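Below is one structure, written out as structure tokens; the observations come after it.
The values are calculated or read from the model by the stated rules, or taken from the named source; none is laboratory data. Being a predicted model, the structure only gives us computed values, none of them experimental. A quick note on method: Cβ atoms are made from the backbone with ideal geometry, for glycine too, and the neighbour counts reach across all protein chains shown.
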Amino acid sequence: MSASIVHVEFKSANFARTSAFYDRVFNWKTEQNGSGSYMKLEGADAPSAGWVRADLVQAPGPIAFLTVDDLAATLAEIESAGGRVLVRSLPFAGGGEIALFADPDDNVLGLWRRKDGAAKPAAKPAAAKEPAVAKDPGAAKAPAAPKPAKPKKKK
């Protein structure tokens, strides 16, 4: 199975500083989401990329997102090949769903299954309102999708 890298997410401890740095050095323009947890790279020539607040990050470095046609089958193959599933499925604000996994060397990557199920890398994913991978500030990341739902307490 072939998969294209279609999106990359980085961490940022200070969106204003990060934005100013990339604007000065590369003339990159950014836009922060309303919740203050995500900042996306803007521009027609820009790759699909963004930054997640550092306190919400679960990976030590950037996360590359790959498109896949079948999220469940790909995650099963990852586990069969010796990888670990970190986040099985989260809805993605741009459509579809994402997952996170670690390869045998603990590199964290994301998977993105588009809403229509087709893994075509033509369009950029829309920035999510919450980070791709979230965790509690006391407890490491992506592009960028909503926080996992907390388990409901039994009565």
Subject >> Count of the stretch 68-92 residues which are touching a Lys or Arg at 6+ places or on another chain (Cβ under 7 Å) and under 14 Å from residue 7 (Cα atoms) >> reply: 1
**OP:** With the condition kept exactly as written, say whether any residue in the stretch 44-52 is more than 12 Å from the chain's Cα centre (by Cα) and under 30 Å from residue 76 (Cα atoms).
**Re:** yes
Original post:
Under 7 Å by Cβ, and 6 or more places apart or on different chains, what pairs join a residue from the stretch 7-30 that is within 16 Å of residue 55 (Cβ to Cβ) with one that is part of a helix (DSSP H, G or I)?
Top reply: 11/54; 12/18; 12/54; 13/54
Original post:
Mind checking which residues of the stretch 31-47 are crowded, with 22+ Cβ neighbours inside 10 Å and of a type in the set (Ser, Thr, Tyr)?
Top reply: 38
Subject >> Scan of the stretch 1-26 for residues that are touching a strand residue (DSSP E or B) at 6+ places or on another chain (Cβ under 9 Å), in a loop (DSSP other than H, G, I, E, B), at pLDDT below 90 and of a type in the set (A, V, I, L, M), ordered by number >> reply: 3
**OP:** Determine if the stretch 8-23 includes at least one residue that is within 20 Å of residue 113 (Cβ to Cβ), out of contact with any helix residue (DSSP H, G or I) (no Cβ under 9 Å at 6 or more places or on another chain) and either buried (at least 21 other Cβ atoms within 10 Å of the Cβ) or not basic (Lys, Arg) (or both).
**Re:** yes
Subject >> Filter result for residue 57 (under 16 Å from residue 94 (Cα atoms) and at pLDDT below 90) >> reply: no
Subject >> Residue list for the stretch 27-42, filter: out of contact with any Lys or Arg (no Cβ under 6 Å at 6 or more places or on another chain) and either assigned to a loop (DSSP other than H, G, I, E, B) or of a type in the set (S, T, N, Q) (or both) >> reply: 27, 28, 30, 32, 34, 36
Original post:
Among the residues of the stretch 93-118, which ones are under 15 Å from residue 3 (Cα atoms) and either assigned to a helix (DSSP H, G or I) or touching a Pro at 6+ places or on another chain (Cβ under 9 Å) (or both)?
Top reply: 98, 110, 112, 114
**OP:** Would you point out the residue of the stretch 75-95, among those that are in contact with a Leu (Cβ under 9 Å, 6 or more places away or on another chain) and crowded, with 20+ Cβ neighbours inside 10 Å, that is farthest from residue 49 (Cα to Cα)?
**Re:** 75
Original post:
Inside the stretch 8-50, can you point out the residues that are touching a Pro at 6+ places or on another chain (Cβ under 9 Å) and hydrophobic (A, V, I, L, M, F, W, C)?
Top reply: 8, 10, 41, 49
